[in-house]
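Please read the structure below before turning to the comments.
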Amino acid sequence: MSSAILEVRDVVRTFGGLRAVDEASFHVDEGSITALIGPNGAGKSTLFNVISGFLSAERGTVQFEGRRIDRAPAHRIAQRGLVRTFQVPRALTRMSVLDNVLLAATRHPGERLNGLVLHPGRVRSRERKANERAAELLALFRLDTHAREYAGVLSGGQRKLLDFARVLMAEPRLVLLDEPMAGVNPALGRQLVEHVLRLRTETGMTFLFVEHDLDIVMEASDRVIVMNEGRVIASGTPAEVRGDQRVVDAYLGTARTT
Amino acid sequence: MSTIASFGFWSFVGIVAGIYTLFALGVQVQFGYAGLLNFGQVAFMGIGAYTMAILVVKEDLNMWLAAGCGIVLAILAGLLLGLPTLRLRADYFAITTIAFSEILRYVATNEDRLTGGSQGTINLAGIGQASQYDGAWQSFLGKVERNLHVGSDAAMLILVWTVALLAVAAVTLLMRTPWGRVLKSIREDEDAAASLGKNVFLYKLQALALGAALGALAGVFYAWQFSFFSPDDFAPLITFFAWMIVILGGLGRAWTVPVGALVFGVIFAGTRFFDFPPFSLLDSTERAYVRLIVIGLVIIGLMLFRPQGIFGSRKEMVLE
């Protein structure tokens with residue numbers, strides 16, 4: 001029996017007169033791979049931004065592992081183990097590929113000035129561990145040969161991988177992936193899916209992802225949540241959702257009856 | 001001996017370049033590493049200089065302690081400035097910083113009972129009572145002169161540059177730590193930094209405060225070098241000198257700052273030797289403005305042909 005790691009309840013977010021997210025409610029089971037789909041403008045990205053703390057919700061609550069996070073700032077949410085990616089990967093271009101990954105190290109005493117001065121030993125040992133982990137991740141994503149180069153020289157696909165390596169470095173329990181397949185060639189997309197599936201099996205990591213490629217959604221996810229016009233209109237297994245008339249209507253429009 | 005060959009003149013250029021190294025190093029920390037557009041750096045220099053002078057003259061405080069108070073007060077002012085403004089978008093933040101420095105300058109000009117007003121620190125103890133705040137410094141300088149067997153200009157040069165280079169080394173080391181890594185990530189993309197659990201606001205605040213401390217340190221050296229100063233010494237133009245130095249040297253590297261400061265100092269002082277036509281048509285006051293034009297042209301030329309500065313990396317500039 002799996003329990004909900006993320007619980008979104010009646011979240012509302014408007015932009016001017018537009019209700020981008022309109023009383024959306026859903027949950028994500030721990031250890032699941034859950035897809036969030038819907039036509040353009042359905043409110044998926046806005047909802048992602050609300051969950052990850054980059055936008056505030058006007059109403060409603062978001063609970064992560066039983067604690068409310070809807071008032072917490074983005075960095076605090078990430079520290080708690082809910083880490084997101086962006087639609088366009090945010091490579092820190094004028095830093096080395098290695099530094100991009102090292103940056104994501106958690107609870108690093110060397111990131112505080114008092115830690116640097118008072119506990120130089122602890123800083124060194126944390127940094128050594130971080131370097132080991134970063135080397136593993138870079139090797140896993142075949143970026144190790146570029147470790148010392150500026151992240152800005154990486155190709156779009158490599159940046160996507162770097163983004164992913166960075167997220168894993170942050171030791172998340174729930175990963176939010178914003179269109180992981182967008183702008184990625186099919187071979188690389190395949191690779192990303194396999195990483196996700198393997199991580200879920202090996203570490204029990206939970207994934208929530210927004211994706212437009214429905215083949216990937218049907219193949220990789222355990223549950224699918226469908227949004228339209230700011231609301232959650234359906235959820236269930238990929239098979240259930242595929243047969244749901246409301247979903248078909250949302251994507252294709254309803255037949256006009258005159 | 002002509003000015004161009006005199007040690008006194010060039011050591012003066014060197015001393016000022018050393019002071020500007022400290023001053024511009026603050027901008028390098030804030031902008032070069034953390035991406036903060038601080039156009040009010042001169043305010044921190046003023047706070048350092050004025051706090052020291054006022055505490056020595058009016059409160060009879062030990063000068064070294066007073067200098068320390070100046071630096072601490074600049075840090076507090078940096079925090080006070082940053083708390084409400086660092087959440088603003090970069091351009092709005094930039095505007096508030098320049099307003100901050102101008103507000104302080106106007107306060108210093110008009111609060112003459114506190115600061116000596118527009119006449120400067122000469123009136124600190126009241127009009128007609130010439131006051132002095134740097135006695136302790138002069139006697140310290142005298143000791144250095146005797147121990148090293150050098151003149152007062154050389155002693156000052158050695159002291160300023162020792163402190164400046166130590167500060168450059170300290171900043172270089174600091175930026176290699178995980179703390180510096182977070183700072184650079186904020187310069188690159190603060191949303192990415194936040195998404196990885198970094199408290200962007202807190203780091204910006206620290207960068208601003210560290211830059212403020214360096215500005216105040218430059219301020220106390222400025223006060224010691226000139227023995228007397230007024231609010232007009234802290235006009236916004238001085239902040240832009242720091243920016244020129246940082247751009248001249250190259251962004252994101254602490255060690256380029258002393259080089260930028262020296263090049264800037266030589267260009268700035270060098271224009272005084274433009275005694276050939278057409279410059280010889282101008283009188284000396286007018287010629288003083290020529291250097292500003294020259295500096296401006298150098299910056300334009302740099303932006304066109306070497307936007308990365310003297311030592312910056314072209315490769316870094318073209319990364320997206």
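No value in this document is a laboratory result; all are computed from the given coordinates. All values reported here derive from a predicted model rather than from experimental measurement. Every residue, glycine as well, gets a Cβ built from its backbone with ideal geometry; the counts of neighbours run over all protein chains shown.
Table for the structure above
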| read-out | value |
| --- | --- |
| Cα-Cα pairs of region A:121-245 separated by more than 24 Å (percent) | 38 |
| For residues of A:139-152, the mean tally of beta carbons on other chains within 10 Å | 1 |
| Unit Cα scatterers, Debye sum, region A:87-153: log10 I(q)/I(0) for q = 0.21, 0.29 Å⁻¹ | -0.88, -1.18 |
| Electrostatic dipole magnitude of region B:154-231 [Cβ: Lys, Arg +1; Asp, Glu -1; Cα centre; debye, to 20] | 160 |
| Rounded, prolate or oblate (a/c below 1.5 giving rounded, otherwise prolate when a/b exceeds b/c) for region A:16-91 by Cα gyration tensor | rounded |
| Relative intensity, log₁₀ I(q)/I(0), of region B:106-205 from a Debye sum that treats every alpha carbon as a point, q = 0.11, 0.17, 0.19 Å⁻¹ | -0.71, -0.85, -0.88 |
| Residue among B:PHE264, B:PHE140, B:PHE12 with the largest mean-square fluctuation in a Gaussian network model of chain B, springs linking Cα atoms under 10 Å | B:PHE140 |
| Value of Rg/Rh across region B:176-291 [Cα atoms, Kirkwood radius] | 1.11 |
| The protein assembly as shown: proportion of alpha-carbon pairs further apart than 38 angstrom, % | 43 |
| Given chain A, longest segment not containing exposed loop trypsin sites (Lys or Arg not before Pro) (DSSP; at most 15 other Cβ within 10 Å) | A:149-255 |
| Dipole-positive endmost among B:LEU292, B:LEU282, B:ALA212 within region B:200-305 (Cβ charges, Cα centre) | B:ALA212 |
| Residue (of B:ILE71, B:LEU83, B:PRO307) at the positive-pole extreme of chain B, dipole from beta-carbon charges | B:PRO307 |
| Cα-derived Rg to Rh of region B:223-262, Kirkwood definition | 1.09 |
| Most mobile listed residue (A:VAL101, A:VAL184, A:VAL62) in chain A, GNM with C-alpha springs under 10 Å | A:VAL184 |
| Region B:239-312 versus region B:92-165: alpha-carbon centroid distance in Å | 24 |
| Principal axis dimensions, region B:1-149 - Cα atoms, whole angstrom, descending | 52, 39, 29 |
| If the convex hull is drawn through the Cα atoms of chain B, its volume per residue in Å³ | 153 |
| Averaged over A:100-113, number of beta-carbon atoms from partner chains that fall within 10 Å | 5 |
| C-alpha center-to-center spacing [region A:1-79, region B:197-214] in angstrom | 30 |
| Charge dipole magnitude, Cβ of K and R +1, D and E -1 - region B:104-250, Cα centre, debye nearest 20 | 460 |
| Those lysines that a straight Cα-Cα span of less than 30 Å connects to B:LYS204, excepting residues fewer than 8 apart in one chain | A:LYS129, A:LYS160, B:LYS184, B:LYS315 |
| Kyte-Doolittle at least -1.0, axis length at least 24 Å by Cα - qualifying DSSP helices, chain B | B:7-27, B:41-59, B:63-85, B:90-110, B:152-175, B:200-226, B:284-305 |
| For chain B, built as a Gaussian network whose Cα springs stay under 10 Å, the top-fluctuating residue of B:ALA164, B:ALA43, B:ALA90 | B:ALA90 |
| Scaled radius of gyration (Cα, divided by 2.2 N^0.38 Å) that chain A gives | 1.07 |
| Estimated 222 nm signal from helices in the protein assembly as shown, with DSSP H stretches of n ≥ 4 weighted -39500 (n - 2.57), rounded to 500 | -18000 deg cm²/dmol |
| Student exercise, the protein assembly as shown dipole from Lys, Arg, Asp, Glu Cβ charges, in Debye to nearest 20 | 840 |
| A:ARG231 long-range amide H proximity, modeled H, under 5 Å | A:ASP22 |
| P(r), alpha carbons of region B:223-320 - 10 Å bins starting at zero, rounded % | 14, 37, 32, 13, 3 |
